[in-house]
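Laboratory data are not the source of any read-out in this text; all were calculated from the coordinates shown. Quantities reported herein were computed from a predicted structural model and do not represent experimental measurements. So basically every Cβ, Gly included, is an ideal-geometry build from the backbone, and we count neighbours across all protein chains shown.
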Amino acid sequence: MSQAIDLKQTAALLSENNYFTIICHASPDGDTLGGAYALCGALQNFNKRAKVLCPEEPSKRFDYLKNGVEMQDFSEQREFVITIDVADSALLGNMEEKYKDSTDLCIDHHISNTGYAEKMLLDGDAGAACEVVFELIKELSRLNGADLMTADIASCLYTGISTDTGCFRFSNTTADSHRFTAELMDYGFDCTGLNYLLFDMKTPERIQLERRALESVEFFFGGRCAVITLTKEMLDAADDEDINSISALPRQIEGVEAGVTFKEKEKGVWKISIRTKNYIDAQHICAKFGGGGHQRAAGCRIKGSVKECKERLMKEIELYI
Ligand SMILES: [Mn+2]
């Protein structure tokens, strides 16, 4: 089991080491990548050697996170291994085997963290792992006697905080999320440009997919449930990032409590995602089909024709809606 340490202890521990490998989780998002590149840049400014590893290729959208970070390649006998935003070693994907028992420190904000790392810097109240990383960099700056932050590092941290909080709309957003953001803006990165890139910009493929998704909308239970259906042929033309964000669409419709997305994985196999608004436990419904997730967002798989699958799922939803 992991030993919990505080910011000061963590900063002291990092200052004693010289070679750092920082690892992100699979299906890397803005928080794990932003936190990793921010810490990597700050450690390099602290005259350490540091690199970032990721079990899967990040979206091109996040290329700017590498700005100002030197691509250092080294392999030392004793590298200090840090994971960021990785609640469970299984999320290390193809790097799990190598690192699950050799992670020195995990920096995270998930209370569900399984404690696979030797030491853990965890703040379950933080809206994003990047909030914890920012506080750590401030502590390291104190040890360094000069600020390790730069505008590039601020843009990495802003990326994590803004994406994990859904641009400050989700319930995990705290006053600190805003306070940290205000401090980060003082470093002068292009906040408006980033907001466009992260929250407004859509690829042409995404727009095509959205158009077809909207064409497929069906309503059930007097408009309290909306379902969109995406066939394999439609999905093949888009990338994972586009596909995942589509699941948010049906719940956006006024009056909809349960927004359901049917995605055809292969012939006769449907990946279903349920997003609920106020009272239906999505996790509860998905668990009946062997799936899981959170109260307001969950997923499962159902096999059969799309007509059969919808009937089975709607019977279940009808019990709660
Ligand atoms: Mn996170």
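Here is how the numbers come out for the structure above:
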{"item": "Qualifying chymotrypsin sites (Phe, Trp or Tyr not before Pro) for the range 251-304 [loop in DSSP, other Cβ within 10 Å: at most 14]", "result": "Tyr279"}
{"item": "Proximal lysines relative to Lys265, as straight alpha-carbon distance under 27 Å, when same-chain residues fewer than 8 apart are discounted", "result": "Lys60, Lys202, Lys232, Lys277, Lys288, Lys303, Lys307, Lys310, Lys315"}
{"item": "Contact order relative to length of the chain, as percent, for alpha carbon pairs under 8 angstrom and 6 or more apart", "result": "12 percent"}
{"item": "Gain on full stretching of the segment that runs from Lys315 to Asp147 - 0.36 nm per residue minus C-alpha separation", "result": "54.6 nm"}
{"item": "GluC sites (Glu not before Pro) within the range 40-110, DSSP loop, no more than 16 other Cβ atoms inside 10 Å", "result": "Glu56, Glu70, Glu76"}
{"item": "Taking all pairs of distinct alpha-carbon atoms in the chain, Kirkwood radius in angstrom", "result": "21.0 Å"}
{"item": "Tail weight of P(r) past 24 Å, computed on alpha-carbon pairs of the range 204-318, percent", "result": "17 percent"}
{"item": "Within the range 231-319, GluC sites (Glu not before Pro) in DSSP loop having at most 15 other beta-carbon neighbours inside 10 Å", "result": "Glu254"}
{"item": "The chain: Cys lacking any partner C-beta under 4.7 angstrom", "result": "Cys40, Cys106, Cys130, Cys156, Cys167, Cys191, Cys225, Cys309"}
